[in-house]
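Right, one structure below, let's go through it.
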Amino acid sequence: MEKIVIIGNGPAGATAAIYAARAGLKPIVFAGNVPGGLLTQTGDVENFPGFPNGINGFDLVMDIQFQAEKFGAMFEYEEITSAKLSPGGPHTLTVSDGRTIECRTLIIAAGAAPRRLDVPGEERLYGKGVSSCATCDGAFYKDVPVVVAGGGDSAMEEALFLTRFASEVHIIHRRDELRASLIMAERAKKHPKIKFHLNCLITEIVGDNTVSGVRMLDKTFDKEEILPCSAVFTALGHTPCSKIFKDAGIETDVSGFITVKNNSSLTNIPGVFAAGDCCDPRYRQAVIAAGSGAKAAMDAEKFIADAE
Ligand code: NDP
């Protein structure tokens, strides 16, 4: 039986692996469904302490992983597809390659996934004009109109970034009021390339092999039209990757964020700990995820020591 398994290798999981490996627990880390976590989809990270010139998100995650491997952590690029969790352990995990693994303690650092619009055309055209990462894909859309879906800070940030390439950026938001902070909204409103479509719903993403437009319902005038564009960037927030653990008895809030006790990493099941974006509806920052990963490893180490 493994002493500790960590699910997720973003900043939370990989930092937990450094701490667990240095404590001699020989952690096994499963990369989860977004290997490296969402940070690998951003460009430069300028607010992680210790990097005055910024650091590429992917490089940062890989450096944390190399640091953990140096102390003996093992990383596997398979997913955990189901879990059977027992108070105090052992916990049984099913791996995507068919294996089952038993562990005394488990750290869930599975992160969060971008929310989808769930409209016709979205899945079919994903990667063919539909994207959830302007930093990754924005440069492909030079001098053409693009759409950003959402009304939060991410939507404003993505739209502003896309003005570097696109001829015009259409922000489509389902309500008549933005969720974004005033400062971000003002920046977007002032930009000559950005046009707002408030109280509007995207009902379909259209195009044969690539995106050619969105079908948009203007709720104010009850009017539907096709807005031509070459790409749709969804910036709709994130959903925590907690379903299989919830199904196995882990408590979450209504949005699916794993509930942790009293500023610790302890979940409702003894021996199961959570760290990073899957239990953080509020901050969602790499540095905070890394810190919570350290806390989870220390909590797991104490749990093992107390049981021995
Ligand atoms: P948010 O949850 O804040 O916003 C998501 C937006 O998407 C909302 O406007 C929401 O609409 C809309 N939305 C969600 N689901 C759907 C759907 N199915 N169809 C249509 N619209 C939908 O997420 P963000 O990623 O924007 O921000 C998350 C956190 O990160 C926030 O705290 C934010 O402040 C922070 N952040 C800060 C930045 C900065 O300061 N530079 C940059 C980016 C993020 P509705 O409003 O109607 O719910």
**Message:** Return the residues of segment 125-165 that are without any contact (Cβ under 8 Å) to a residue 40 or more places away in the chain and in contact with a Pro (Cβ under 9 Å, 6 or more places away or on another chain); say none if nothing qualifies.
**Reply:** Thr163
**Asked** Looking at segment 138-159, is at least one residue at pLDDT below 95, polar (S, T, N, Q), within 30 Å of Cys278 (Cα to Cα) and within 7 Å of the ligand (Cβ to nearest atom)?
**Response** yes
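Counting only residues that are under 30 Å from Ala83 (Cα atoms), give me the helices (runs of 4 or more DSSP H) lying completely in segment 137-253 with at least 1 of them.
243-247
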**Message:** So, in segment 267-282, how many residues would count as being in a loop (DSSP other than H, G, I, E, B) and closer than 14 Å to Pro11 by Cα?
**Reply:** 2
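Is there a residue being out of contact with any strand residue (DSSP E or B) (no Cβ under 9 Å at 6 or more places or on another chain) and within 16 Å of the ligand (Cβ to nearest atom) anywhere in segment 111-118? Steps first, please.
Step one: filter segment 111-118 for residues out of contact with any strand residue (DSSP E or B) (no Cβ under 9 Å at 6 or more places or on another chain), giving 118.
Subsequent filtering for residues that are within 16 Å of the ligand (Cβ to nearest atom) retains 118.
Taking every residue of segment 111-118 in turn, at least one turns out to be out of contact with any strand residue (DSSP E or B) (no Cβ under 9 Å at 6 or more places or on another chain) and within 16 Å of the ligand (Cβ to nearest atom).
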**Prompt:** Are there any pairs with C-beta distances below 8 angstrom linking a residue in segment 280-302 that is free of Cβ contacts under 8 Å to residues at least 12 places away in the same chain to a residue that is away from the ligand (no atom under 16 Å from the Cβ) and of a type in the set (S, T, N, Q), with the two at least 6 apart or on different chains, and if so which?
**Reply:** none
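Out of Ile202, Ile183, I need the residue that is surrounded by fewer than 16 Cβ atoms within 10 Å (Cβ to Cβ), within 10 Å of the ligand (Cβ to nearest atom), over 21 Å from the mean Cα position of the chain (by Cα) and among the hydrophobic types (A, V, I, L, M, F, W, C). Which one?
Values: Ile202 fails: surrounded by fewer than 16 Cβ atoms within 10 Å (Cβ to Cβ).
Selected residue: Ile183, the only one of Ile202, Ile183 that is surrounded by fewer than 16 Cβ atoms within 10 Å (Cβ to Cβ), within 10 Å of the ligand (Cβ to nearest atom), over 21 Å from the mean Cα position of the chain (by Cα) and among the hydrophobic types (A, V, I, L, M, F, W, C).
Name the one entry in Asp176, Asp247, Asp253 that is within 16 Å of the ligand (Cβ to nearest atom), loosely packed, with under 14 Cβ neighbours inside 10 Å and within 30 Å of Ile6 (Cα to Cα).
Numbers: Asp176 fails: within 30 Å of Ile6 (Cα to Cα); Asp247 fails: within 16 Å of the ligand (Cβ to nearest atom).
Testing whether each residue is within 16 Å of the ligand (Cβ to nearest atom), loosely packed, with under 14 Cβ neighbours inside 10 Å and within 30 Å of Ile6 (Cα to Cα) leaves just Asp253.
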**Message:** So Ser82 passes all but one of these: (1) under 30 Å from Met1 (Cα atoms); (2) crowded, with 17+ Cβ neighbours inside 10 Å; (3) more than 16 Å from the ligand (Cβ to nearest atom); (4) not hydrophobic (A, V, I, L, M, F, W, C). Which condition number does it fail?
**Reply:** (2)
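Assess whether Gly72 counts as being in contact with a helix residue (DSSP H, G or I) (Cβ under 9 Å, 6 or more places away or on another chain), surrounded by fewer than 15 Cβ atoms within 10 Å (Cβ to Cβ) and not charged (D, E, K, R). Reasoning before the result, please.
Numbers: in contact with a helix residue (DSSP H, G or I) (Cβ under 9 Å, 6 or more places away or on another chain): yes; surrounded by fewer than 15 Cβ atoms within 10 Å (Cβ to Cβ): yes; not charged (D, E, K, R): yes.
Yes; evaluated as a whole, the condition is true for this residue.
The values are calculated or read from the model by the stated rules, or taken from the named source; none is laboratory data. Not measured: the values here are computed from a predicted model. We place every Cβ from the backbone using ideal geometry, glycine too, and count neighbours over all the protein chains shown.
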